[in-house]
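Working notes, beginning with the structure itself.
The values are calculated or read from the model by the stated rules, or taken from the named source; none is laboratory data. The shown structure was predicted, so the numbers you read here are calculated from the model rather than taken from an experiment. Glycine gets a Cβ as well: all are built from the backbone with ideal geometry, and neighbour counts include every protein chain shown.
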Amino acid sequence: MANHRPRTIRRLLARQFIAATAIAGLLGPTMAGAATADDEQIPESSAWPSLKAEHFGDRPIRDGEAIIGLDAPYRAEDAAIVPIAITDKLSSDDERRIERLWLVIDNNPVPMSAEFEFGPAAASADIATRVRVNAYTHMRAIAETGDGQLYMTTRYVKASGGCSAPASKDPDAALANMGQIRLRELSGSDKPGRRIQMLTRHPNHTGLQMNQVTRLHVPEHYVNAIEINAGDRNVLSATMTFSLSENPSLRFSYQPVGSAPLTIAVRDTEENTFTAEYAAAP
Amino acid sequence: MKRCRRFTPIRSKGPRAATIVLLLARPFRLMAIARWLAYRLLPAMLMAGSGAAGAALPVSEVAPGMFVHQGHTEQARSDNGNDIANAGFVVGDDCVAVIDTLGSPALGRQLAASVAHRTDLPICAVINTHVHPDHVLGNRALTGDDRPLFGHEQLPRALAARADGYLAAANRTYVADADTSWIVAPTTTVADTRRIDLGGRTLVLEAWPTAHSNTDLTVFDTGSGTLWTGDLVFIDRMPALDGSINGWLSVLDELSGRSDVKRIVPGHGPACAPWPAGSAPLRRYLSHLRTQVRDAIDQGRTIEQAIANIGYDRAQDWPLFDQVHRRNVTAAFAELEWE
């Protein structure tokens with residue numbers, strides 16, 4: 001997993017990525033011209049074959065449209081906040097269960113953007129979050145079911161032009177209130193379990209921005225792990241990268257365990273841990 | 001001299017015939033020819049026609065010695081070269097201040113030519129009203145030779161964080177040669193206020209808390225009572241929220257109470273507009289958006305539901321509504337869910 005790689009390597013990879021996009025930018029008119037029509041063909045992903053080999057080896061990955069849904073806007077109006085939702089499509093009487101999920105954004109600096117592992121208190125593998133999109137890219141939700149099979153659903157997302165950029169709107173405000181966690185219960189789901197949105201105040205710095213005054217790179221500083229339990233039963237454990245937007249948002253479903261509250265622990269790359277509890281209304 | 005008439009909203013026009021032909025003509029060869037015409041042939045012809053000053057952008061004089069270029073009410077495209085924002089200059093007894101540099105070095109050069117066309121005085125200050133590419137990507141053409149470039153204290157950091165995205169978008173949508181030389185950060189940053197003396201004429205720069213963006217800087221010409229708002233005010237063009245909806249509304253409240261401001265030069269729209277009347281449609285849009293997003297959050301709705309449902313009853317009020325409104329709902333939701 002890219003998640004487990006030492007920091008320096010990850011940063012090096014990210015810099016290479018930036019160099020590559022800069023060169024691609026210089027390649028000029030054919031690219032610019034081809035991208036102006038909206039009905040263009042979606043290109044093949046040049047990044048995916050090596051990503052697949054790196055993270056999944058030679059394991060077969062089947063088409064996942066019947067197992068796992070991925071809602072992402074075709075055109076990302078705000079490249080810094082692109083809402084995506086992964087839907088568990090297995091019916092409740094299906095013997096299989098989704099146990100792990102990966103979110104891959106092919107053309108982001110660290111494509112392996114998040115990994116989720118579901119525990120016994122998860123009501124489903126439904127997950128929603130908000131991500132940054134660095135360039136036109138394929139986005140993938142890959143699910144592993146209990147029988148060890150992999151299933152993948154893919155979407156193509158265009159980051160919008162103009163003033164949209166995958167950068168913070170107000171990094172100082174996010175930093176000043178870092179570690180605040182807000183939980184709210186969402187309405188309107190026909191699935192079993194309770195649907196919760198969890199927000200964490202955090203700048204989620206990518207570590208790639210040059211500070212023009214000091215000429216130093218802002219060090220990377222982002223939320224990299226979240227663990228959620230209901231009483232003594234695990235709902236989910238997740239690891240993630242700065243592909244998630246500033247003030248990371250996570251939506252999930254869980255089965256209450258008696259009257260025990262949800263407990264949440266959020267960790268970041270500076271080894272800070274932020275915690276919260278949520279006692280759902282009966 | 002152009003007077004600021006009473007503000008009347010315009011309706012968006014349908015696509016022009018030439019655009020339709022280009023869209024229908026499936027499209028690449030024609031697009032390439034059009035781009036070549038626009039970027040190689042036309043500037044060459046204009047240069048030949050106007051002599052040493054080069055191709056000057058059209059400007060109108062909205063107060064004595066104050067000139068404004070109006071951008072197109074369009075998205076950045078190859079046929080407009082990202083000429084979509086207002087910019088201009090103010091002439092004192094000794095020298096000239098240029099306010100915003102437009103969306104490419106080519107446009108910046110044309111703006112410099114407009115200055116040379118109107119006055120022999122040198123440019124002694126260049127000001128960026130905020131970070132967005134349609135206002136600052138001409139910096140390279142107007143700076144250098146120790147000429148100060150003023151910007152909000154957050155501008156260097158914001159520009160560095162966004163540079164890659166802006167250049168990639170430029171190369172996708174309106175040019176082929178955008179590179180890092182287009183990114184020129186301010187040499188002098190403003191944390192609160194700063195006065196610039198042009199000789200018998202004083203400009204007051206004022207940095208604002210996060211509002212339209214986190215880099216908003218206004219320029220007040222004390223003599224004429226004219227405030228250059230940058231994108232703190234949009235008129236006849238869909239406003240884009242890239243900062244804080246609460247911050248933006250509160251800055252507009254404060255500016256609306258200023259009795260020394262007689263009129264404004266907005267970041268988009270007419271060359272000038274009466275104040276505070278010119279901000280009324282913008283404030284209505286933002287207030288309405290805020291109310292509806294707060295309601296959605298209170299009702300336990302998701303951000304996707306909010307984006308799909310909120311505010312479309314105002315679509316007919318604004319040109320370019322569709323492209324920008326979804327982003328505004330997204331940004332407002334991500335801010336207001338912390339209230």
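What to note about this one:
- Taking the listed residues B:Thr229, B:Thr189, B:Thr193, the one that is at pLDDT 95 or above, surrounded by 23 or more Cβ atoms within 10 Å (Cβ to Cβ) and more than 16 Å from B:Gly65 (Cα to Cα) is B:Thr229, with no other qualifying.
- A:Ser164 vs. criteria at pLDDT below 90, assigned to a loop (DSSP other than H, G, I, E, B), within 21 Å of the chain's Cα centre (by Cα) and within 11 Å of another protein chain (Cβ to nearest Cβ): yes
- Boolean, A:Arg155 is in a strand (DSSP E or B) and either in contact with a Ser or Thr (Cβ under 7 Å, 6 or more places away or on another chain) or free of Cβ contacts under 8 Å to residues at least 40 places away in the same chain (or both): no
- If you go through segment B:242-262 and keep only what is of a type in the set (A, V, I, L, M) and out of contact with any Phe, Trp or Tyr (no Cβ under 7 Å at 6 or more places or on another chain), you end up with B:Ile245, B:Leu249, B:Leu252, B:Leu255.
- Looking across B:Asp164, B:Asp177, one residue alone is part of a loop (DSSP other than H, G, I, E, B) and either of a type outside the set (S, T, N, Q) or within 11 Å of chain A (Cβ to nearest Cβ) (or both). It is B:Asp177.
- Selection of segment A:117-152 for residues being among the β-branched types (Val, Ile, Thr) and in a strand (DSSP E or B) yields A:Ile127, A:Thr129, A:Val131, A:Thr137, A:Ile142, A:Thr145.
- Checking each residue in segment B:188-213 for being part of a loop (DSSP other than H, G, I, E, B) and within 20 Å of the chain's Cα centre (by Cα) picks out B:Trp208, B:Pro209, B:Thr210, B:Ala211, B:His212, B:Ser213.
- For segment A:131-152, filtered to residues that are in contact with a helix residue (DSSP H, G or I) (Cβ under 7 Å, 6 or more places away or on another chain) and farther than 18 Å from A:Ser91 by Cα, the residue that is modelled with the highest pLDDT is A:His138.
- Residue ranges of helices (runs of 4 or more DSSP H) in segment B:233-339 with at least 2 members under 18 Å from A:Val82 (Cβ atoms) and either within 12 Å of another protein chain (Cβ to nearest Cβ) or touching a residue at least 12 places away in the same chain (Cβ under 8 Å) (or both): B:303-309, B:321-336
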